[in-house]
Amino acid sequence: MSNNEPETTETTDDAPTEPTEPTEATTSTATAADDVRRNTPGKGRKPDARAIEAAAPDEFGLVQAWWGGGKGKTTAALGMAFRAAGHGFRVHVLQLMKGGADSVEDVRGEYNAIAAVPGISYENLGHYGWAGMRDGSDEADHATQAEAGFERAKELVAAAGEADLSEPLPLDGDPEDGVHLLVVDELLYAVSMGLLDESAVVDFVESKPENLELVLTGSHDRPEYLDDVADLITQVKMEKHPFETGQRARKGTEY
């Protein structure tokens, strides 16, 4: 090496390096992100699914009514049903007036999903056509079926009154042994179509036990008769719908 050349030092990947001190900017950014996470409801924790075990709700007992001309009434009710079942609460879905259109299969997606989730069960009492739709079904049968479904709903509410809803219920138990949440899907349609009496539905609601959460859906007409007995009344309003342009019910979204 020439005496005039600068001396160089070789380095390797294994050579120790001095730690880089965090700058004020990076520290500030990290602190801000931590603050945001701490201010979220979950405090920044990543949610992990837990095994479903029988449990009892602390604050059930309200009456909910979902109505309106928009899509989503049954969808909302089923969402609550699955949410409750996910916490280990016993849930039953009783459907009236479901089916009857040639574009809809008998087995809806929710039936398969319900069968796969512990703690939630269902009954369908509505594969008999649509009242007032001139679809060839016997109009007298509509009233008979709606009344039968309503009687079944009353049986389930009475059974819940015999159960201790402040305690966990067997996830595989019969709904006759009590449920924490009961969805009566399309009951409000049966009323608006004249198949059931408004006052009878009010009596039904008032007969429910204190800790039973009762969810009623259906009807494009506002159920004013529930104003004094329902705790939550939600209108699902349509602004635009693909049915208006001829789109038929789609598997996986409408059934």
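Just so it is clear, none of the values below were taken in a lab; they were calculated from the coordinates. The model shown is predicted, which means the values in this text are computed figures rather than measured ones. As a convention, Cβ positions derive from the backbone with ideal geometry for all residues, glycine included, and neighbour counts pool all protein chains shown.
Give me the distance in nm between label points sitting 7 Å out from Cα along the Cα-to-Cβ direction at Ala158 and Leu232, one decimal.
Those two pseudo-labels are separated by 2.9 nm.
Please give the net charge around Ser219, taking every other residue with its beta carbon less than 12 angstrom from that of Ser219, where Lys and Arg add +1 and Asp and Glu add -1.
Values: positive: Lys73, Arg222; negative: Asp185, Glu186, Glu198, Asp221, Glu224.
Net charge in that neighbourhood comes out at -3.
Report ³J(HN,Hα) in whole Hz for each residue of segment 91-97, in order, from the Karplus equation J = 6.51 cos²θ - 1.76 cosθ + 1.60 where θ = phi - 60°; Gly and Pro get x.
Karplus values, whole Hz, x for Gly and Pro: 10, 9, 10, 10, 9, 10, 6.
Suppose every Lys and Arg Cβ carries +1 and every Asp and Glu Cβ carries -1, with no other charges. What dipole size does segment 63-245 come out with about its Cα centre, to the nearest 20 debye? Walk me through the numbers on the way to the answer.
On the way: 13 positive and 34 negative charges, 165 e Å.
Taking the Cα centre of segment 63-245 as origin, the dipole is about 800 debye.
Would you mind checking which residues have amide H under 5 Å from His220's amide H? H placed 1.01 Å from N; only 5 or more apart, or other chain.
Gly68
Could you list, in their original order, any pairs among Lys154/Lys237; Lys73/Lys251; Lys208/Lys237; Lys73/Lys208; Lys71/Lys251; Lys73/Lys237 whose Cα atoms are separated by more than 20 Å? Can you show the working numbers first?
Values: Lys154/Lys237 29 Å; Lys73/Lys251 17 Å; Lys208/Lys237 28 Å; Lys73/Lys208 22 Å; Lys71/Lys251 14 Å; Lys73/Lys237 10 Å.
Beyond 20 Å: Lys154/Lys237; Lys208/Lys237; Lys73/Lys208.
P(r) tail for segment 163-255, what percent of Cα pairs lie past 20 Å? If you can, show how the numbers build up before the last one.
On the way: 2208 of 4278 pairs.
Pairs farther apart than 20 Å: 52 percent.
Work through the residues other than Met238 whose Cβ is under 12 Å from its Cβ and net out their charges, Lys, Arg +1 and Asp, Glu -1.
Numbers: positive: Lys71, Lys73, Lys237, Lys240; negative: Glu239, Glu244.
Combined, the nearby Lys, Arg, Asp and Glu give +2.
For the residue pair Arg37 and Glu239, what label-to-label distance in nm results when each label sits 7 Å from Cα along the Cα-to-beta-carbon direction?
3.5 nm
When only alpha-carbon atoms are used, what values of Rg and Dmax, in angstrom, describe segment 156-203?
13.6, 38
Tell me, Met238, Met97, Met80, Met193 in order of fewest to most beta-carbon neighbours within 10 Å?
Working: Met238 13, Met97 25, Met80 16, Met193 19.
Placing the least packed residue first, the sequence is Met238, Met80, Met193, Met97.
5 Å is the cut-off here: which amide hydrogens, built 1.01 Å from N in the peptide plane, fall below it relative to Ser121, excluding neighbours closer than 5 in sequence?
Result for Ser121 returns Val91, His92, Val93.
Can you pull a Stokes-Einstein diffusion coefficient for segment 63-245 at 37 °C (0.692 mPa s), Rh from Kirkwood over Cα pairs, as a whole number of µm²/s? Working shown, then result.
On the way: Rh = 16.7 Å.
Approximately 196 µm²/s, per Stokes-Einstein.
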